[in-house]
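To keep things clear, I will list the structure first and then write my remarks on it.
The values are calculated or read from the model by the stated rules, or taken from the named source; none is laboratory data. The structure presented is a predicted model; accordingly, all values stated were derived computationally and were not measured. Glycine also receives a Cβ, built like all others from the backbone with ideal geometry; neighbour counts cover every protein chain displayed. Side chains included, ligands, DNA and RNA excluded: accessible areas come from the protein's heavy atoms. Shrake-Rupley method; radii C 1.70, N 1.55, O 1.52, S 1.80 Å.
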Amino acid sequence: MLGFTFDRLPADIPENPDEGESPAGYVERLAREKATSVAALRPEALVLAGDTVVVLDGEILEKPSDEEDAVRMLMRLSGRSHVVLSGIAVAAPGGVLESTLERTEVTFRPFDDGTARAYAATGEPMDKAGAYGIQGFGASLVDSISGDYFTVVGLPVARLVELLERTGWRYRFGLLEMVKETVDT
């Protein structure tokens, strides 16, 4: 959508919260660790990394382990509001690392077990935090959002542009250009 060409490299970072770590701290830490890991392999590259979680009643809902787990998560979310946290980090050549966190509240419409099972059977929820994808069939479960839609998708675009600027790059509608000096924000 933004016109970037990129390579996808796995970071191989364990995705487990540290003891006492807040969901916000956890998701931003993961983004930073992923960016740092890939930047060590490709020090000349501009690296973008991120992680997204759904938080309900203080509990992190990550990707479901199987279809039944997806149904369980979806039924917990039915008719309720939850928070989506997306942490992103940009590592630039020269060891520059910047990160941020974005938060969006999502409210699901009420639905029954049959709806949750039918959605889970599509396979779409299986690789999504909280067992849904707002950019796909999961949109039909959403009643409203308060905040940035792209945070729920998993990449808060406005925050990405800010991070690029903080690491010395400027986005110009399909182009990235290096700025002579890092912009202070």
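Scanning region 138-154 finds no residues that are surrounded by 21 or more Cβ atoms within 10 Å (Cβ to Cβ) and on the phi > 0 side of the Ramachandran plot.
Can you tell me which residue is least open to solvent (accessible area, probe 1.4 Å) among those in region 10-36 that are more than 16 Å from the chain's Cα centre (by Cα) and farther than 25 Å from residue 104 by Cα? The qualifying residue least open to solvent (accessible area, probe 1.4 Å) is 36.
Do we find that residue 122 is among the polar types (S, T, N, Q) and either open to solvent by less than 20 Å² (accessible area, probe 1.4 Å) or without any contact (Cβ under 8 Å) to a residue 12 or more places away in the chain (or both) in this structure? Against the criterion (among the polar types (S, T, N, Q) and either open to solvent by less than 20 Å² (accessible area, probe 1.4 Å) or without any contact (Cβ under 8 Å) to a residue 12 or more places away in the chain (or both)), residue 122 does not qualify. Checking 34, 63 one by one, the residue that is assigned to a loop (DSSP other than H, G, I, E, B), basic (Lys, Arg) and touching a residue at least 24 places away in the same chain (Cβ under 8 Å) is 63 and no other.
Here's a check for you: in region 37-66, which residue that is among the charged types (D, E, K, R) and open to solvent by 20 Å² or more (accessible area, probe 1.4 Å) is modelled with the lowest pLDDT? Applying the filter and picking the extreme gives 62. Evaluating residue 105 against the criteria (1) under 24 Å from residue 131 (Cβ atoms); (2) in a helix (DSSP H, G or I); (3) touching a strand residue (DSSP E or B) at 6+ places or on another chain (Cβ under 6 Å); (4) open to solvent by 50 Å² or more (accessible area, probe 1.4 Å) leaves one unmet condition, (2).
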